[in-house]
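Shown next, in structure tokens, is the structure this report addresses.
The values are calculated or read from the model by the stated rules, or taken from the named source; none is laboratory data. Values in this document were obtained by computation on a predicted structure and should not be read as measured data. Here Cβ is always computed from backbone atoms with ideal geometry, including for glycine, and neighbour counts include all displayed protein chains.
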Amino acid sequence: MLGKIRPSWYLKAPEKTRKTWTVSEQQKIFTLSKEFRKTDDVIYEMGSSYAGLRRTQVHNQARLFKLASEGRCRQCGHLIPQDQRESNKVHFFCNECKSKNKFIRFKRRKKFLRHHICPLCETNPLFVDPKTKKELKTCVNCLSVSYRRRVAAGNCGICGKNPIDHSRSVALCTNCLDKQRDEK
Ligand SMILES: [Zn+2]
Ligand SMILES: [Zn+2]
Ligand SMILES: [Zn+2]
């Protein structure tokens with residue numbers, strides 16, 4: 001590790017705001033909503049750590065768990081064929097919906113990039129590197145947040161795929177360091 005000291009806020013990248021539900025949480029909501037007819041009772045039974053849980057969230061998570069337990073796609077509702085399944089895995093989407101969604105996301109991303117707007121936050125303009133005059137594919141805000149999130153997880157800040165090469169750098173992997181050296 002290099003002897004460089006980071007400010008304390010550096011590795012405290014903000015948490016992702018959108019809640020991701022675990023399967024066991026969904027299962028709990030599902031069984032509770034079968035047991036209690038009123039949604040408010042379900043919210044109460046979930047406990048104080050779920051304060052602020054909304055009724056629509058309860059309905060949605062119970063519905064999504066029901067679909068998954070029946071082996072149905074949560075988007076089109078069709079049964080997911082046996083040959084698309086893997087054992088020990090909960091499947092939420094059928095392959096057709098997966099590829100459809102991937103294509104929609106791809107098109108949306110392209111559209112924002114075409115208008116020089118960051119595709120991650122979909123609000124700020126793209127960041128132009130003052131040295132190279134090259135336009136990056138994120139805004140300066142999303143760039144630094146995702147960079148810091150990757151470094152905090154112990155991965156390279158640029159590619160996010162490889163672990164940090166601690167003998168040479170505090171934030172980059174061997175590949176990206178070599179790439180940077182070649183560009184200079
Ligand atoms: Zn589907
Ligand atoms: Zn952004
Ligand atoms: Zn890298």
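Brief remarks follow.
- Taking segment 127-144 as the range and being buried (at least 17 other Cβ atoms within 10 Å of the Cβ) and among the hydrophobic types (A, V, I, L, M, F, W, C) as the test, the residues that pass are PHE127, CYS139, CYS142, LEU143.
- Pair list, Cβ < 9 Å and 6+ apart or interchain, from segment 90-113 residues that are in contact (Cβ under 8 Å) with a residue 12 or more places away in the chain to residues that are within 16 Å of ligand 3 (Cβ to nearest atom): LEU113/LYS137
- Residues being among the small types (Gly, Ala, Ser), farther than 30 Å from LYS137 by Cβ and assigned to a helix (DSSP H, G or I) are represented in segment 24-45 by at least one member.
- Within segment 53-75, the set of residues being outside any helix (DSSP H, G or I) and within 22 Å of the chain's Cα centre (by Cα) comprises LEU53, ARG54, CYS73, ARG74, GLN75.
Okay, residues lined up against (1) touching a helix residue (DSSP H, G or I) at 6+ places or on another chain (Cβ under 6 Å); (2) at pLDDT 90 or above; (3) of a type outside the set (Lys, Arg):
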residue: HIS115; (1), (2), (3): no, yes, yes
residue: CYS142; (1), (2), (3): no, no, yes
residue: GLY154; (1), (2), (3): no, no, yes
residue: PRO163; (1), (2), (3): no, yes, yes
residue: HIS166; (1), (2), (3): no, no, yes
residue: ALA171; (1), (2), (3): yes, no, yes
residue: ASP178; (1), (2), (3): no, yes, yes
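- Only one of HIS91, HIS116 that is over 27 Å from PRO163 (Cβ atoms) and in contact with a Leu (Cβ under 7 Å, 6 or more places away or on another chain): HIS116
- Of all residues in segment 112-126, those satisfying the criterion of being loosely packed, with under 14 Cβ neighbours inside 10 Å and more than 8 Å from ligand 2 (Cβ to nearest atom) are ARG114, HIS115, HIS116, PRO125.
- Segment 133-184, subset part of a loop (DSSP other than H, G, I, E, B) and hydroxyl-bearing (Ser, Thr, Tyr), residue nearest to ligand 2 (Cβ to nearest atom): THR138
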